[in-house]
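The values are calculated or read from the model by the stated rules, or taken from the named source; none is laboratory data. No experiment lies behind these values; they were computed from the predicted model shown. A quick note on method: Cβ atoms are made from the backbone with ideal geometry, for glycine too, and the neighbour counts reach across all protein chains shown.
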Amino acid sequence: MAKTIQAIRGMNDCSPTESPLWQWVETQVREVLNSYGYSEVRMPIVESTPLFARAIGEVTDVVSKEMYTFWDNDEQLTLRPEGTAGCVRAAIEHGWIYNNEQRLWYMGPMFRHERPQKGRYRQFHQAGVEVFGIANPEIDAELIILTARLWKKLGIDQHVSLQLNSIGSLEARANYRSALVAFLEQHQALMSEEEKERLIKNPLRILDTKNQALQQVLDDAPKLLDYLDDESREHFAQLCALLDSVGIAYEINPKLVRGLDYYNKTVFEWVTSALGAQGTVCGGGRYDGLVEQLGGHAAPGVGFAMGLERLVLLVQEVNASIPVKNAVDIYLVYQGEGTALSAFQLAEKIRSALPQLGTMLHCSGGNFKKQFRRADKSGATLALVIGESEMLNNQVVVKHLQGGVEQQTLDIEKVIDYIQSQF
Ligand code: HAM
């Protein structure tokens, strides 16, 4: 036998048994976003490499070591590691934001060359939202409220909690950075080589270190919130007041800085303890400088993205009553001269009249016994049977595969009404 070829590590197939749950989760996401009046956009999966380097930041983990980059003749291209950069690029390119507000969402695969583990993959899927042109904290609050509504719909609201912080203006952050570096320099003995490098390149990322000794020391480190500029402080206070007013609980986490460089003011993450190490199901924040930084007319921006693999895992873990529908509701079996034609006609009639049901035609021959085995395996509720005598009498036998009801013979024109009464 020829040697088989396997999927790339960290890039997963979605099997026929998993896809109904994925579709259900995606439908909940779409319904919530539509109910807030947001519009879908679709961007390419590949963008030019400098877009990500400029938007996300050269010294971030994503850009410095996780991107899938390749040359296409003399142009360097990258598989998108996230959606914000491409969305901002598209918004500038098509004039979506010039003198205009936009509330947009997207869904699709992203690529990061990380070490795969539960909840962390090299190809993963995000649903993301980006809002352009609104500077005030009401929109930050709306995004958080919207996600909270989604968690309820997914049945995971008791298992996620909100972490919130403000990282202020660029200038405030620069002041804070100096204070933090001065503090951390006294504790270099506790640092790994990687952390020492971070101290020079991206010291704020040391705040979310996993190094426990350093974590303890960090409790006494200067706090970013104490360095905020007045405008950011006011913005954050208003956001907190809005969340309080609608009863959304949050924890202010002064160590939350996020791993991408474009943020200012609000940053937030929804986290769970039910998934092990990869517990962040959604992260986002404000990025008021990014549109201008990428060559557009200055416009504020704010958004978030959630990891669909993590949401699906969490739903599986904690929501025991997912209304996932079986793909097949009705299975048509037939045997005998000319019965295929009747079965095809009936199947098409059912699909026209009842398109919400899954109607499957057997197609692969064999005796009734074999066909019923397939029908049972499909998980269908009803089997419709056409043999030669049924065909000649314009009738169909209806059999309830899940038991409980006697099988019966119906005139073919009554079948649609009967099926309808059963679902
Ligand atoms: P991020 O925090 O890098 O932010 O990713 C958002 C979410 O994507 C994470 O919270 C996580 O659920 C999921 N995720 C990230 N990496 C992986 C991975 N390797 N495997 C599985 N899931 C993963 C962003 O991407 C920003 N663009 C969010 C944003 C939009 N900020 C403003 N607008």
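List of remarks:
- Every test in (1) away from the ligand (no atom under 16 Å from the Cβ); (2) touching a residue at least 60 places away in the same chain (Cβ under 8 Å); (3) crowded, with 23+ Cβ neighbours inside 10 Å is passed by Ala327 save one, and that test is (3).
- Members of region 1-45 found to be in the same structural domain as His125 (by the TED database) and basic (Lys, Arg), listed by number: Arg30, Arg42
Yes/no matrix, rows are residues, columns are (1) at pLDDT below 95; (2) in contact with a helix residue (DSSP H, G or I) (Cβ under 8 Å, 6 or more places away or on another chain):
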position	(1), (2)
Pro203	yes, yes
Lys210	yes, no
Glu234	no, no
Ala237	no, no
Cys240	no, no
Val257	yes, yes
Tyr287	no, yes
Val291	no, yes
Val302	no, yes
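- Candidate set: region 35-62, residues that are out of contact with any strand residue (DSSP E or B) (no Cβ under 9 Å at 6 or more places or on another chain) and part of a helix (DSSP H, G or I); chosen: the one farthest from Thr84 (Cα to Cα): Ser35
- Within region 115-128, restricting attention to residues that are part of a strand (DSSP E or B) and within 7 Å of the ligand (Cβ to nearest atom), the residue that is farthest from Ser39 (Cα to Cα) is Arg120.
- In region 304-421, counting only helices (runs of 4 or more DSSP H) that sit wholly within it, the ones holding 1 or more residues that are among the β-branched types (Val, Ile, Thr) span 308-318, 339-353.
- Considering residues of region 1-59 that are basic (Lys, Arg) and surrounded by fewer than 17 Cβ atoms within 10 Å (Cβ to Cβ) only, the residue farthest from Arg89 (Cα to Cα): Lys3
- Meets criteria (surrounded by fewer than 16 Cβ atoms within 10 Å (Cβ to Cβ) and farther than 20 Å from Leu341 by Cβ) for Asp411: no
- Pairs are defined by a Cβ separation below 6 Å, a sequence spacing of at least 6 or placement on different chains, a first member in region 349-368 that is aliphatic (A, V, I, L, M), and a second member that is in a loop (DSSP other than H, G, I, E, B); the pairs so defined are Leu357/Asp329; Met360/Val328.
- Of the residues contained in region 20-29, none is found to be outside any helix (DSSP H, G or I) and within 14 Å of the ligand (Cβ to nearest atom).
- Some residue of region 112-122 being acidic (Asp, Glu) and touching a strand residue (DSSP E or B) at 6+ places or on another chain (Cβ under 6 Å): yes
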